[in-house]
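So the structure is just underneath, and the comments pick up after that.
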Amino acid sequence: MKGCMLVLGPSLVLFLVLTVCAARSPYQAVLQHSRIRGRQQGPNVCAMQQIKDTNKKYFTNCKQWYHRKICGKPTVITYECCPGYEKIPGERGCPAALPLVNIYNTLGVVGASTTQMYSERANLREEIEGPGSFTFFAPSNEAWAALPAEILDALVSNVNIELLNALHYHMVNRRLTSEELRHGSTFPSMYQDSNVHIHHYSNGIVTVNCARLIKPDQHATNGIVHVVDRVITAVTNDMQSIIDVDDDLETLRMAFAAAGLTTMLESEGQFTIFAPTNDAFEKIPQETMNRILGDPVALRDLLNYHILKSMQCAESIVSGTPMETLQGTMLEVGCDGDQMTLNGKAIITKKDQLGTNGVIHYINELLIPDSAKTLMELVEGSSVSTATRLFVDAGLASHLTGSEALTILAPLNDAFTGSLTMTPSMRKLMSNHILKEQLSSKSLYHGQELETLLGLKLRVFVYRNNLCIENACIAAHDKTGRYASMFTVDKVLAPPMGTVMDILKADDRFSELVGAVQTAGMTELLNQQGALTFFAPTNDAFRALPRAELNRLLSNPQELSGVLRYHLSQGILVSGGVGSHTRLKPLQGDKLELGVRNYTVYVNKIQVADADLMATNGVVHAVSSIIKPLPPKVDAEQADGPASPLRSAAAFRVDSRSFRNDELFQKILRSGSSRTMIRGQ
């Protein structure tokens with residue numbers, strides 16, 4: 001209700017809080033909300049939401065009110081007298097309480113005149129006009145009209161038995177208000193004490209045998225009337241018995257027996273089964289179906305994925321809601337107009353087949369959970385189709401369809417650029433996207449090593465904002481299959497290729513840096529075991545310096561070492577680990593400020609031109625400008641964009657401990673980063 005309170009005046013907020021706190025059931029809370037929304041129309045007016053072009057109306061909660069949609073369809077607001085009140089000509093709202101009359105007469109004024117007529121035909125009138133205290137779940141006029149002709153004919157042709165029994169099944173021999181119609185409760189009807197089944201949902205909808213109460217709490221002198229949207233029938237069989245006698249569910253019946261779930265479907269409970277028909281099973285490739293049917297673990301997961309832990313009648317659904325299955329994962333149960341949907345698809349062909357221990361909805365498509373799938377089935381229809389094709393082209397399909405315990409790192413389609421021709425190097429790369437064990441990303445830890453099919457060791461990096469394996473960071477929730485798992489990652493993996501020094505030597509862009517490293521006596525540092533992050537200046541960065549200053553720097557190994565060490569930090573930070581305000585402590589100097597803008601990393605306002613060149617002892621990020629300390633005024637700012645024009649050298653205060661020759665570095669700063677900065681590749 002908080003969403004409502006934010007837009008109401010203080011007095012109305014207090015009224016809302018008091019009335020909602022006083023409401024003792026979800027239906028009454030929703031009714032209170034509708035009363036508040038209708039107050040401007042006069043006393044005792046309720047605001048209703050009516051689905052456009054239909055007669056379906058709902059008292060509304062906050063969410064429905066603001067969305068102005070029910071089951072995905074737009075609604076219009078109507079104003080009606082709240083239950084128990086009526087209009088007086090010439091006065092605002094509904095100021096008059098309805099006079100109490102007996103149940104028979106009440107039926108005539110609440111939209112159940114057909115029920116009233118059939119009550120008279122079946123000689124029930126005297127009973128519901130006389131003494132007693134009854135609850136009558138009275139079908140609306142539209143509910144009777146919707147009955148199949150053959151069923152209605154059978155009832156009215158034998159009014160003294162069939163019709164009377166049917167009406168008695170709609171009655172309970174005591175007064176029950178909506179507050180007393182609690183979720184999961186049952187009450188003996190007046191037809192052979194056969195139970196009626198009540199469900200009172202958190203969105204305020206109340207059902208009896210899955211028929212929605214559209215006008216609850218219509219009080220009478222000898223009881224209470226709840227108008228319902230369909231004619232209900234007696235429930236005598238459990239869900240297993242329903243499945244046993246329906247030829248359309250023969251395959252499902254055999255599958256439940258093979259999985260050992262028959263006993264559960266015969267026991268007490270409140271379940272919902274989305275029951276695949278025979279046709280639904282036949283749509284699945286025979287090879288896949290045989291594999292699942294022959295695997296007790298996969299079969300049980302498959303069937304449990306079709307069973308909800310709670311009972312959900314179709315009329316209880318007004319919007320998409322995630323619901324937990326017995327398999328442990330969620331199904332998105334929703335609606336689109338009159339169609340009930342699963343995971344956004346209108347695949348339900350028959351609704352609300354009620355049993356004593358739950359409800360069955362028939363579906364024409366089998367739902368296969370990830371936990372019953374092979375790797376190949378996990379990737380089908382996902383956003384990693386390019387990676388899937390490359391795995392197959394590389395001759396790795398057997399790993400994706402078999403029963404090995406594996407984990408694949410599947411880059412998103414957008415991660416692939418350039419030529420995707422299958423070459424020996426591409427085949428090797430794709431093999432290194434498959435790990436030798438089934439993993440969960442939740443169990444990974446910083447510094448962990450993972451082995452690929454080819455025996456290469458990949459490192460795990462845990463950052464505040466990301467979880468990465470080498471340069472590739474997890475981009476979606478894991479998909480955990482029967483034997484193997486899939487991690488969707490944001491980049492194509494860049495396996496470590498030698499030390500940091502090896503990376504620099506192998507790339508012509510760093511030829512001048514290689515010479516500078518050797519001059520500064522840092523070759524051993526960049527070759528030794530460890531973990532370094534190097535923001536490596538390219539040749540362009542050196543060439544942007546004035547020639548005299550560059551020569552002076554290169555001729556002084558000690559000063560050169562200080563400048564290069566300001567570009568180096570302990571620990572490995574890949575681009576995916578950079579947040580909006582990330583700081584690194586360089587090997588010499590105060591700090592480096594990092595940030596991200598438009599998917600590009602900046603360090604001290606300098607754009608990283610090429611990120612994530614992975615080494616066995618660190619990572620190299622290419623920069624096209626020499627990195628300089630930021631002026632004090634931006635120390636607390638986010639280093640996530642191009643630098644503004646620099647102030648004069650006198651405005652800088654460089655830590656004397658950071659560079660042994662402050663004068664030399666200030667001359668480098670005076671060279672003007674705005675003129676020399678390169679936008680990058």
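Using the beta-carbon distance between residue 380 and residue 194 and R0 = 41 Å, what value does 1/(1 + (r/R0)^6) give for FRET efficiency, to the nearest 0.05? Result of the calculation: an efficiency of 0.30.
Might you report the magnitude of the Cβ-based charge dipole of the range 139-237 about its Cα centre, with Lys and Arg at +1 and Asp and Glu at -1, to the nearest 20 debye?
Values: 6 positive and 9 negative charges, 57 e Å.
Taking the Cα centre of the range 139-237 as origin, the dipole is about 280 debye.
May I ask you to work out the translational diffusion coefficient for the range 145-197 at 10 °C, viscosity 1.306 mPa s, via Stokes-Einstein with Rh from the Kirkwood sum over Cα pairs, reported in whole µm²/s? Diffusion coefficient, whole number: 127 µm²/s.
List the relative contact order of the range 404-545 as a percent without decimals, with contacts defined as Cα pairs under 8 Å and 6+ residues apart. Present the calculation step by step, with values, prior to reporting the outcome.
Values: 208 pairs, mean separation 30.8, N = 142.
Here the relative contact order equals 22 percent.
When both the range 437-511 and the range 73-99 are represented by their alpha-carbon centers, they are found 65 Å apart.
Give the Debye-formula value of log10 I(q)/I(0) at each listed q (0.15, 0.19, 0.22, 0.23 Å⁻¹), with one equal scatterer per alpha carbon of the range 334-435, two decimals each. Normalising to I(0) and taking log10 leaves -0.73, -0.92, -1.12, -1.19. Give me log10 I(q)/I(0) at q = 0.10, 0.14, 0.15, 0.16 Å⁻¹ for the range 409-568, Debye formula, one equal scatterer per alpha-carbon, no solvent. Computed log10 I(q)/I(0) values: -0.51, -0.85, -0.92, -0.99. The figure for residue 485 is an accessible area of roughly 0 square angstrom, using a 1.4 Å probe on the protein chains alone.
Can you give the net charge of the other residues whose Cβ lies under 15 Å from the Cβ of residue 135, counting K and R as +1 and D and E as -1? Don't jump to the answer; show the numbers that get you there.
On the way: positive: 174, 175, 182, 215; negative: 127, 179, 180, 193, 217.
Its environment carries a net charge of -1.
The relative contact order of the chain comes to 7 percent, based on Cα pairs under 8 Å that sit 6 or more residues apart.
Determine the dipole magnitude for the chain: charges of +1 sit on the beta-carbon of Lys and Arg, -1 on that of Asp and Glu, nothing else is charged, the reference point is the Cα centre, and the result goes in debye to the nearest 20. Write out the running numbers ahead of the final one.
On the way: 63 positive and 67 negative charges, 710 e Å.
Approximately 3400 debye in magnitude.
Of all DSSP bridge pairs formed entirely within the chain, close to 75 percent run antiparallel.
Against the main long axis of the alpha-carbon atoms of the chain, helix 250-259 sits at an angle near 60°. Pair-distance distribution P(r) for the range 38-80, from all Cα-Cα distances in 5 Å bins starting at 0: 5, 26, 32, 21, 11, 4, 0 percent.
According to the Cα gyration tensor, what semi-axes, each the square root of 5 times an eigenvalue, does the equivalent ellipsoid of the chain have, listed from largest to smallest in whole Å?
Numbers: eigenvalues 994, 232, 55 Å².
Output for the chain: semi-axes of 71, 34, 17 Å.
Scanning residues 5 or more positions from residue 491 or on other chains, those with amide H under 5 Å from its amide H are 412, 473, with H placed 1.01 Å from N in the peptide plane. Over the range 127-269, the alpha carbon radius of gyration divided by the compact-protein estimate 2.2 N^0.38 Å works out to 1.19. Measuring nothing but how far apart in sequence close Cα pairs (under 8 Å, 6+ apart) lie, relative to its length, the range 229-300 scores a relative contact order of 32 percent.
With the Cα gyration tensor of the range 495-535 giving a ≥ b ≥ c as the square roots of its eigenvalues, does the rule (a/c under 1.5 for rounded; else a/b larger than b/c for prolate; else oblate) give rounded, prolate or oblate?
Details: a/c = 1.96, a/b = 1.16, b/c = 1.69.
It is oblate, given that a/c is not under 1.5 and a/b is not larger than b/c.
Compute the Cα gyration tensor for the range 170-233, then decide on rounded, prolate or oblate, letting a ≥ b ≥ c be the square roots of its eigenvalues: rounded whenever a/c is under 1.5, prolate when a/b is larger than b/c in the other cases, and oblate in all that remain. Taking the square roots of the gyration eigenvalues as a ≥ b ≥ c, the range 170-233 is rounded. Remark: the chain carries 45 Å² of accessible area per residue (probe radius 1.4 Å; ligands, DNA and RNA excluded). The H on the amide N of residue 350, modeled in the peptide plane, is under 5 Å from the matching H of 362, each at least 5 residues off or on a different chain. Net length available on complete extension from residue 113 to residue 233 is 41.2 nm, with 0.36 nm assigned per residue and the Cα-Cα distance removed. Gyration tensor analysis over the Cα atoms of the range 202-319 returns equivalent ellipsoid semi-axes of 36, 15, 13 Å (largest first, whole Å). Would you please state the base-10 log of I(q)/I(0) at q = 0.13, 0.18, 0.23 1/Å for the range 38-134, with intensities from the Debye formula using one equal scatterer on every alpha carbon? Taken in order of the listed q values, log10 I(q)/I(0) reads -0.64, -0.93, -1.07.
Considering every Cα-Cα pair within the range 495-593, what fraction, in whole percent, is farther apart than 19 Å? Cα-Cα pairs of the range 495-593 separated by over 19 Å account for 44 percent.
Which loop-located trypsin sites (Lys or Arg not before Pro) does the range 416-514 contain, where loop means any DSSP state but H, G, I, E or B and the Cβ has at most 14 other Cβ atoms within 10 Å?
Numbers: sites: 427, 428, 436, 442, 457, 459, 464, 479, 482, 491, 505, 509; in loops: 436, 464, 482, 491.
Passing both the DSSP loop test and the Cβ count: 464.
Taken along the Cα-to-beta-carbon direction at a fixed 7 Å, the label points for residue 278 and residue 185 span 4.3 nm. Shown is the FRET efficiency for residue 463 and residue 389, computed with R0 = 51 Å from the Cβ-Cβ distance and rounded to the nearest 0.05: 0.95. When the P(r) of the range 88-166 is calculated, the portion above 22 Å amounts to 33% of the C-alpha pairs. For the range 179-316, a simple Cβ point-charge model (Lys and Arg +1, Asp and Glu -1, everything else neutral) yields a dipole of about 380 debye relative to the Cα centre. Each of 458, 500, 305 was scored by the projection of its Cα onto the charge dipole of the chain, and the greatest displacement toward the positive side belongs to 500; charges sit on the C-beta of Lys, Arg, Asp and Glu.
Pulled fully out, how much extra length does the chain show between residue 177 and residue 77, if you take 0.36 nm times their separation in residues and subtract their Cα-Cα distance?
Details: separation 100, 0.36 × 100 = 36.00 nm, distance 2.62 nm.
The residue 177-residue 77 span can extend by a further 33.4 nm.
Applying 1/(1 + (r/R0)^6) with R0 = 25 Å to the Cβ-Cβ distance of residue 330 and residue 451 gives a FRET efficiency near 0.15. Between helix 10-22 and the chain, what is the angle of the helix's C-alpha long axis to the longest principal axis, kept within 0 to 90° and rounded to the nearest 10? With rounding to tens, the tilt is 60 degrees.
The values are calculated or read from the model by the stated rules, or taken from the named source; none is laboratory data. Everything numeric in this text was worked out from a predicted model, so none of it was measured. Neighbour counts are summed over all protein chains in view; Cβ atoms, including those assigned to glycine, are modelled from backbone coordinates with ideal geometry. SASA here: full protein model, heavy atoms, side chains in, ligands and nucleic acids out. Shrake-Rupley method; radii C 1.70, N 1.55, O 1.52, S 1.80 Å.
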